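Following: one structure in structure tokens, then a few remarks.
Nothing in this text is a laboratory measurement; each read-out follows from the coordinates by a stated rule. Just so it is clear, the structure is predicted and the values come from calculations on it, not from any experiment. Here Cβ is always computed from backbone atoms with ideal geometry, including for glycine, and neighbour counts include all displayed protein chains.
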Amino acid sequence: MKQNTEVSLAPVRTAAGAQVDESAALGPGTAVWELAQIREKAVLGDNCVVGRGAYVGPGVRIGDGVKIQNHALVYEPAELGDGSFVGPAVVLTNDHNPRSVDPEGRPKGRDGWEPVGVTVAEGASLGARSVCVAPVRVGRWAMVAAGAVVTRDVPDYALVVGVPARRVGWVGRAGQRLRELPDRPGTWECPQTGALHIEKDGVLTEA
């Protein structure tokens, strides 16, 4: 899904010292800052920002308007939805049982393991130094607190904290924690926008 088409699209900007493989595809308006590395066949949409020292692995797919902050590590085969946010020093892993050698002590090569990915849905935010242990999905407009370790799927609009991460509330599109209406149990309101959400069986949807 494309972001607001009224946003002007500038040329791709690649800072000196960044490494962008010639087979990677970067959309208009995307900026890649110093010491960032974007590997082969990665695809980034329009108006993305890849911060200093960030890493985007081979074949990673990134939507429009995504921000990847300094020194974040996005390992393949991760997928980041439109408008998602990856905070400083976030890590998206790709090996559920990591080993550098096989049971016989031989170094593992490309064929010695099967990568698994993290999916970050539209509008979701990953706080600074959080870790997503693949395979997991972070739902639409969810928010992962700084330093949290995500080991299981995060529902849409969920606010999760801790190690391992657990849900402690709900957030709306504005990133504000929702409050339940006292006279309407199961109905949650954004204090900033007034948008209403309905909770049923542990699932939150926009009203």
- [ ] Could you line up S100, S130 from fewest to most neighbouring Cβ atoms inside 10 Å?
- [x] S100, S130
Open item on the list: Could you derive backbone 3J(HN,Hα) for the range 32-46 from the dihedral phi with the Karplus parameters 6.51, -1.76 and 1.60 (θ = phi - 60°), listing whole Hz in sequence and x where the residue is Gly or Pro?
Closed with: 10, 9, 3, 6, 6, 10, 10, 7, 4, 6, 5, 10, 10, x, 7
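Between A128 and V163, what FRET efficiency follows from the Cβ-Cβ distance if R0 is 22 Å, with the result rounded to 0.05?
Details: r = 14 Å, r/R0 = 0.66.
With a Förster radius of 22 Å, E is 0.95.
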Task: Positive-end residue, the chain charge dipole about Cα centroid, Cβ charges, pick of V163, A207, L26 - done: V163
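Take the alpha-carbon positions of the range 34-134, form their convex hull, and give its projected area averaged over all directions (one quarter of the hull surface) in nm².
Values: hull surface 25.1 nm².
Answer in nm², one decimal: 6.3.
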TODO: Note down the magnitude of the dipole of the chain about its Cα centre, charges +1 on Lys and Arg C-beta and -1 on Asp and Glu C-beta and zero elsewhere, to the nearest 20 debye.
DONE: 460
Task: Antiparallel bridges, percent of DSSP beta bridges restricted to the chain (to nearest 5) - done: 30
Open item on the list: Nearest 5 percent is fine: what portion of the DSSP beta bridges confined to the range 128-185 is antiparallel?
Closed with: 50
Open item on the list: Suppose each label sits 7 Å from its Cα in the direction of the beta carbon; what would the T187-H96 distance come out to in nanometres?
Closed with: 4.2
Task: FRET efficiency estimate (nearest 0.05) - Cβ-Cβ, E199 to Q19, R0 41 angstrom - done: 0.35
Task: Separation between Cα centres of the range 48-80 and the range 124-165, rounded to whole Å - done: 16
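Can you sort K108, K200 by how many other beta carbons sit within 10 Å, fewest first? Working shown, then result.
Details: K108 13, K200 8.
If I rank by nearby Cβ atoms, fewest first, I get K200, K108.
Fewest first, what order do H71, H96 take by the number of other Cβ atoms within 10 Å?
Ascending number of Cβ neighbours within 10 Å: H96, H71.
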Task: Length released on extending from L9 to D111, taking residue separation times 0.36 nm less the Cα-Cα span - done: 32.7 nm
